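A.B. asks: Got a structure for you, written out below as structure tokens; questions coming shortly.
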Amino acid sequence: MTEPVLTVENLTVRLPMDADRKHAVSDVSMVLNKGEILCVVGESGSGKSVTAAAVMGLLPLESLKVDGGHIHYGGQDLLTLSETQMRRLRGKKIAMIFQEPMTSLNPVMRIGHQIAEVMEAHGQPRSEHRRRVVELLSDVGLPEPDKMVDRYPFRLSGGQRQRVMIAMALALEPDILIADEPTTALDVTTQAQILRLIRDLQRERGMAVMFITHDFGVVADIADRVAVMRYGEVVETGLARDVLNAPQHRYTRKLIDAVPGFRDEASARSDESPVLEVRNLRKIYRTGGGFFQPASELVAVDDVSFAIARGETLGLVGESGSGKSTIGQCIMRISSIDGGELLFGGNDIAHAQGKELKAYRSKAQMIFQDPFASLNPRHRIGKSIMMGPLANGVPRLEARQRMETLLERVGLERNSADRFPHEFSGGQRQRIGIARALAVQPDLLVADEAVSALDVSVQAQVLELLRDLRDEFRLAMLFITHDLRVASQVCDRVIVLHRGQIVEEGEVTRVFSAPEDAYTRSLLDAVPGRTWHNRPEPESA
């Protein structure tokens with residue numbers, strides 16, 4: 001029989017009095033066995049991270065109170081231990097990897113020193129620190145670990161920073177590793193590398209891993225067993241193959257159905273005239289050039305050309321650093337342009353200024369990846385949506401009517417206008433961002449990773465909304481994403497970018513079903529759950 005290393009029994013954590021429900025988690029029980037990967041799956045608010053925080057003893061005591069239950073590890077109930085006792089366990093016996101490494105790493109401390117801090121906190125001799133840190137960085141696949149040890153976090157890519165967090169978590173060879181959405185914000189190839197790394201390290205070291213995710217594609221790649229959570233309760237548990245291919249609970253089926261797949265039906269070719277033509281676009285980032293160092297140049301976008309017709313969605317896909325977002329910023333004229341033309345309505349707006357640029361921006365709008373960061377937290381959302389039309393001379397009464405209509409169109413109540421951004425969920429804030437972009441009645445919409453941070457079910461709703469709005473308003477849409485499954489669902493044509501250059505382009509189903517370039521094939525091979533074919537049959541009526 002498998003040996004349990006961690007047992008959660010009837011865990012109940014109370015929410016503050018003004019919350020939308022009484023408990024963050026209610027009567028939650030699950031078992032983590034030695035040497036296995038348990039995936040805890042559910043949407044935002046399901047209680048996944050609260051359960052993990054309770055295991056780590058990291059619940060914010062002023063807002064989340066444990067009402068009952070037990071968490072057993074090593075013959076003791078973790079909920080009864082003092083902070084001093086928990087501190088001895090954290091890192092040494094139970095370690096955690098967080099979703100966003102940049103907020104977890106100290107930006108002004110070299111990464112080697114940050115990893116060594118874990119060892120120092122648990123009394124390991126300083127003479128061994130550097131050798132051990134270099135060894136750990138090598139184990140997690142970072143290049144030139146003897147040099148990497150002296151770098152600061154800002155000099156590393158997102159995938160490299162996540163590898164540093166894994167190295168830090170493994171520094172003392174814990175029995176249990178908790179990974180809280182560690183791959184959500186990464187591109188597909190980096191995500192595949194991190195998943196493979198966690199799985200390989202878990203097998204080599206015999207660790208037990210609790211892997212928190214909202215994506216059943218990730219579950220298909222990494223899990224031994226699965227626990228599905230909803231509204232703070234565990235609704236289904238079982239072996240990964242059983243849950244994936246024969247789910248018993250309606251909510252589990254809903255999550256699986258929401259995982260975007262690759263569609264088979266080709267898009268009809270648009271015969272409308274282009275709204276935007278990009279010709280030989282070039283963008284160069286220049287740094288340095290002082291007394292003690294020569295200037296350096298990075299060609300972020302190199303001779304890129306394409307066109308988008310009215311009513312069409314063109315996808316830009318590729319890894320981080322491929323130039324996708326830079327192209328979006330150049331099109332929106334957020335970033336300067338070093339060469340090429342941007343033809344909008346037949347006019348080149350590549351270097352437009354003043355009234356000409358303002359007129360262009362009234363017809364070209366952007367939806368950002370993080371709607372909370374792009375909404376003013378001090379403005380009610382009605383005001384945020386109305387600001388664009390008002391700035392373009394629309395009378396206040398008409399702007400308000402437009403705002404209220406758009407709120408209803410994106411699935412929100414009209415009285416939502418008087419609420420602040422923090423009062424909405426992530427998916428609702430993204431709908432507000434879409435309403436704000438549409439308020440000026442644009443011809444062109446640029447969506448930059450607009451659904452990458454959303455739960456799969458919310459993501460599916462927002463993708464359907466974007467498709468409907470594109471067809472209703474006959475918008476030309478540039479859809480930037482690192483998720484090829486999402487691109488397949490929403491795009492008519494797709495461009496694959498690598499190091500600032502187009503390596504492949506065409507109708508989306510053709511490119512994804514019969515890719516011609518090796519780089520496109522590598523992206524497709526890295527899609528989580530790519531080999532998981534046994535989707536459950538739809539529930540009969």
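The values are calculated or read from the model by the stated rules, or taken from the named source; none is laboratory data. None of these values were measured; they are calculated from a predicted model. FYI the Cβ positions are ideal-geometry reconstructions off the backbone, even for glycines, and counts take in every protein chain you see.
A.B. asks: Out of the residues in the stretch 421-433 that are surrounded by fewer than 23 Cβ atoms within 10 Å (Cβ to Cβ) and part of a helix (DSSP H, G or I), state the one that is modelled with the lowest pLDDT.
C.D. replies: Residues of the stretch 421-433 surrounded by fewer than 23 Cβ atoms within 10 Å (Cβ to Cβ): 421-429.
When the remaining residues are screened for being part of a helix (DSSP H, G or I), the result is 421-423, 426-429.
Numbers: Pro421: 89, His422: 85, Glu423: 84, Gly426: 73, Gly427: 76, Gln428: 85, Arg429: 85.
So, considering only residues that are surrounded by fewer than 23 Cβ atoms within 10 Å (Cβ to Cβ) and part of a helix (DSSP H, G or I), the one modelled with the lowest pLDDT is Gly426.
A.B. asks: Given the residues Ser488, Ser452, Ser522, Ser457, which is the only one that is in a helix (DSSP H, G or I) and outside the structural domain of Glu319 (by TED's automatic domain parsing)?
C.D. replies: Sole residue among the options that is in a helix (DSSP H, G or I) and outside the structural domain of Glu319 (by TED's automatic domain parsing): Ser457.
A.B. asks: Next up: Kindly indicate whether Gly500 is out of contact with any His (no Cβ under 8 Å at 6 or more places or on another chain), assigned by TED's automatic domain parsing to the domain that holds Phe306 and buried (at least 19 other Cβ atoms within 10 Å of the Cβ).
C.D. replies: Taking the combined requirement at face value, the residue satisfies it.
A.B. asks: Every residue in the stretch 221-242 that is of a type in the set (Gly, Ala, Ser) and surrounded by fewer than 24 Cβ atoms within 10 Å (Cβ to Cβ), please. Steps first, please.
C.D. replies: Initial filter on the stretch 221-242 (of a type in the set (Gly, Ala, Ser)): 223, 227, 232, 238, 240.
Answer for the stretch 221-242, where residues must be of a type in the set (Gly, Ala, Ser) and surrounded by fewer than 24 Cβ atoms within 10 Å (Cβ to Cβ): Gly238, Ala240.
A.B. asks: Something else about it: Would you say Arg474 is surrounded by fewer than 17 Cβ atoms within 10 Å (Cβ to Cβ), within 23 Å of the chain's Cα centre (by Cα), outside the structural domain of Ser325 (by TED's automatic domain parsing) and of a type in the set (D, E, K, R)? Please lay out each step first, then the result.
C.D. replies: Details: surrounded by fewer than 17 Cβ atoms within 10 Å (Cβ to Cβ): yes; within 23 Å of the chain's Cα centre (by Cα): no; outside the structural domain of Ser325 (by TED's automatic domain parsing): yes; of a type in the set (D, E, K, R): yes.
Taking the combined requirement at face value, the residue does not satisfy it.
A.B. asks: Oh, and also: Only residues in the stretch 243-260 that are touching a residue at least 12 places away in the same chain (Cβ under 8 Å) count as the first member; pair them with residues that are in a helix (DSSP H, G or I) and among the basic types (Lys, Arg), Cβ under 7 angstrom, at least 6 apart or cross-chain, and list the lot.
C.D. replies: Close Cβ pairs satisfying both conditions: Pro247/Arg253; Pro260/Arg485.
A.B. asks: What number of residues in the stretch 154-193 are modelled with pLDDT of 85 or more and among the β-branched types (Val, Ile, Thr)?
C.D. replies: Total satisfying the criteria: 4.
Matching residues to (1) touching a strand residue (DSSP E or B) at 6+ places or on another chain (Cβ under 7 Å); (2) under 16 Å from Ile385 (Cα atoms):
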{"position": "Arg414", "(1), (2)": "no, yes"}
{"position": "His422", "(1), (2)": "no, yes"}
{"position": "Asp448", "(1), (2)": "yes, no"}
{"position": "Ala453", "(1), (2)": "no, no"}
{"position": "Leu465", "(1), (2)": "no, no"}
{"position": "Val490", "(1), (2)": "yes, no"}
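Listed here are the residues, each with its yes/no results for (1) farther than 15 Å from Lys48 by Cα; (2) without any contact (Cβ under 8 Å) to a residue 60 or more places away in the chain.
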residue: Pro182; (1), (2): no, no
residue: Leu186; (1), (2): yes, no
residue: Ile194; (1), (2): yes, yes
residue: Val209; (1), (2): no, no
residue: Thr213; (1), (2): no, no
residue: Val226; (1), (2): no, no
residue: Val235; (1), (2): no, yes
residue: Leu239; (1), (2): yes, yes
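A.B. asks: Let me ask something additional. Quick check on Glu62: is it among the acidic types (Asp, Glu) and touching a strand residue (DSSP E or B) at 6+ places or on another chain (Cβ under 7 Å)?
C.D. replies: So Glu62 does not fit the description; no.
A.B. asks: Report the residue count in the stretch 318-332 for those that are at pLDDT 90 or above and in contact with a Lys or Arg (Cβ under 7 Å, 6 or more places away or on another chain).
C.D. replies: The number of residues fulfilling the criteria is 3.
A.B. asks: If you don't mind, there's one more thing I want to ask. In a helix (DSSP H, G or I) and either farther than 30 Å from Val13 by Cα or not polar (S, T, N, Q) (or both), is that true of Ala95?
C.D. replies: no
A.B. asks: Going by the structure shown, is Arg269 within 30 Å of Asp20 (Cβ to Cβ) and surrounded by fewer than 16 Cβ atoms within 10 Å (Cβ to Cβ)?
C.D. replies: No, not satisfied.
A.B. asks: Just the residues that are more than 16 Å from Arg161 (Cβ to Cβ) and outside any helix (DSSP H, G or I), please, taken from the stretch 108-131.
C.D. replies: Matches in the stretch 108-131: His122, Gly123, Gln124, Pro125.
A.B. asks: Looking only at the stretch 213-247, filter to residues that are part of a loop (DSSP other than H, G, I, E, B) and out of contact with any Phe, Trp or Tyr (no Cβ under 8 Å at 6 or more places or on another chain); which one of those is farthest from Ala453 (Cα to Cα)?
C.D. replies: Applying the filter and picking the extreme gives Ala246.
A.B. asks: Does the stretch 39-77 hold any residues that are among the small types (Gly, Ala, Ser), in contact with an Asp or Glu (Cβ under 9 Å, 6 or more places away or on another chain) and either surrounded by fewer than 18 Cβ atoms within 10 Å (Cβ to Cβ) or not in a loop (DSSP other than H, G, I, E, B) (or both), and which are they?
C.D. replies: Result: Ser44, Ser49, Ala52, Ala53, Gly68, Gly69, Gly74.
A.B. asks: Please count how many residues of the stretch 476-500 are more than 20 Å from Leu465 (Cα to Cα), in contact with an Asp or Glu (Cβ under 6 Å, 6 or more places away or on another chain) and either at pLDDT 95 or above or of a type in the set (A, V, I, L, M, F, W, C) (or both).
C.D. replies: Total meeting the criteria: 2.
A.B. asks: Working only within the stretch 344-354, note down all residues that are at pLDDT 90 or above and over 20 Å from Leu497 (Cβ atoms).
C.D. replies: Phe344, Asn347, Asp348, Ile349, His351, Ala352, Gln353, Gly354
A quick yes/no check of all residues on (1) among the aliphatic types (A, V, I, L, M); (2) touching a helix residue (DSSP H, G or I) at 6+ places or on another chain (Cβ under 8 Å):
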site: Ala19; (1), (2): yes, no
site: Glu36; (1), (2): no, no
site: Cys39; (1), (2): no, yes
site: Lys48; (1), (2): no, no
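A.B. asks: Let me ask something else about it. Within the stretch 78-87, count every residue that is loosely packed, with under 15 Cβ neighbours inside 10 Å and over 31 Å from the mean Cα position of the chain (by Cα).
C.D. replies: 5
A.B. asks: Got a number for residues in the stretch 491-514 being part of a helix (DSSP H, G or I) and more than 21 Å from Asp271 (Cα to Cα)? Quick ask: steps written out before the conclusion?
C.D. replies: Going residue by residue through the stretch 491-514, those that are part of a helix (DSSP H, G or I) are 508-513.
Add one more test, that the residue is more than 21 Å from Asp271 (Cα to Cα), and what stays is 512-513.
Selection size over the stretch 491-514: 2.
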